[in-house]
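Okay, so here's the structure we're looking at.
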Amino acid sequence: MDSVSQRSDVLGLMFAGSSANLARADKYSDHDFYLIVEDEVAEKYRQELDWLPDSEQILLRPRETQHGLKVMYQEGRLLEFAVFSDSELDSQIAPPDRVVAFDRGGIADRIEAIGLKEKGAFKLEDELALLLTLIHIGLGRARRGEIVAANQHIKGYAVNHLVGIIRNATGDSANADSLNRYRRFELDRPDEAAAIAKALNLPAEQAAAELIEIAGDWVPAELRQQFNAARAVILSASD
């Protein structure tokens with residue numbers, strides 16, 4: 001996006017994800033980036049997208065967050081980006097894969113600083129407890145007949161914690177994404193990924209039981225008694 005460097009109110013451009021690490025890019029990849037602009041024009045850049053390449057071919061442009069948008073072009077190309085004002089940048093978190101492509105003084109150093117921010121510490125006991133309680137909620141939904149909501153909890157929210165537990169236990173990081181535990185999980189843990197995928201194809205109650213069994217392989221001795229007690233409660237028949 002050479003055109004943004006010609007705009008005096010643009011301070012920096014950072015590519016992220018596979019747009020920064022081209023070894024991960026393929027025909028299915030989207031294009032991730034941060035655009036940093038002067039404070040008074042940030043919202044204008046989020047609202048008026050004529051600065052994007054081929055802007056006349058944009059098909060969809062949903063606003064996803066305060067700063068972020070997704071843009072889909074008519075031929076299927078997808079952009080995911082955030083526009084930050086100068087004063088907003090330092091409060092953000094930068095992804096591990098990043099390349100500063102344009103810097104109008106100091107932006108690269110500031111992005112490096114926010115990339116070094118400590119993420120919240122992984123707490124295995126909390127992750128296990130959240131996994132189990134989310135499955136418990138999901139089973140309640142299923143037994144009430146709310147299958148869509150049940151699957152949301154069991155096959156969505158709970159699996160996020162299961163994937164995190166496995167990643168934390170194995171120390172896999174070569175293909176991990178700090179912002180999304182699911183990404184490239186199959187590359188790091190193909191057997192566990194296959195087992196989880198198989199469980200996701202089952203009805204909600206059976207999926208719950210399978211996911212708990214998978215989690216059980218990663219429970220340390222000091223949490224085993226609590227885990228087993230919770231499993232018994234969760235999988236017991238409910239009136």
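When the residues of the range 3-31 are narrowed to those that are part of a strand (DSSP E or B) and of a type in the set (Gly, Ala, Ser), which ends up surrounded by the most Cβ atoms within 10 Å (Cβ to Cβ)?
12
On the given criteria, is residue 34 surrounded by 18 or more Cβ atoms within 10 Å (Cβ to Cβ) and of a type in the set (Phe, Trp, Tyr)?
Yes, satisfied.
Working only within the range 125-172, note down all residues that are more than 18 Å from the chain's Cα centre (by Cα) and either among the charged types (D, E, K, R) or not assigned by TED's automatic domain parsing to the domain that holds residue 230 (or both).
Within the range 125-172, 125, 126, 141, 143, 144, 146 meet the criteria.
Can you confirm whether the range 134-143 contains a residue that is touching a Phe, Trp or Tyr at 6+ places or on another chain (Cβ under 8 Å) and within 30 Å of residue 97 (Cβ to Cβ)?
yes
Considering the range 34-44 alone, what residues qualify as being of a type in the set (D, E, K, R) and not in a helix (DSSP H, G or I)?
38
Working carefully through the options 200, 134, 162, find the one that is touching a residue at least 40 places away in the same chain (Cβ under 8 Å) and surrounded by 16 or more Cβ atoms within 10 Å (Cβ to Cβ).
After applying the criteria, what remains is 162.
Residues that are basic (Lys, Arg), in contact (Cβ under 8 Å) with a residue 60 or more places away in the chain and surrounded by 14 or more Cβ atoms within 10 Å (Cβ to Cβ), at least 1 per element: which strands (runs of 3 or more DSSP E) completely within the range 45-120 meet that?
98-103
Within the range 182-238, count every residue that is of a type in the set (Gly, Ala, Ser) and within 22 Å of the chain's Cα centre (by Cα).
Qualifying residue count, the range 182-238: 6.
The values are calculated or read from the model by the stated rules, or taken from the named source; none is laboratory data. This structure is a prediction, so every number in the text was calculated from the model and none was measured. All Cβ positions, glycine included, derive from the backbone under ideal geometry; neighbour counts span all protein chains shown.
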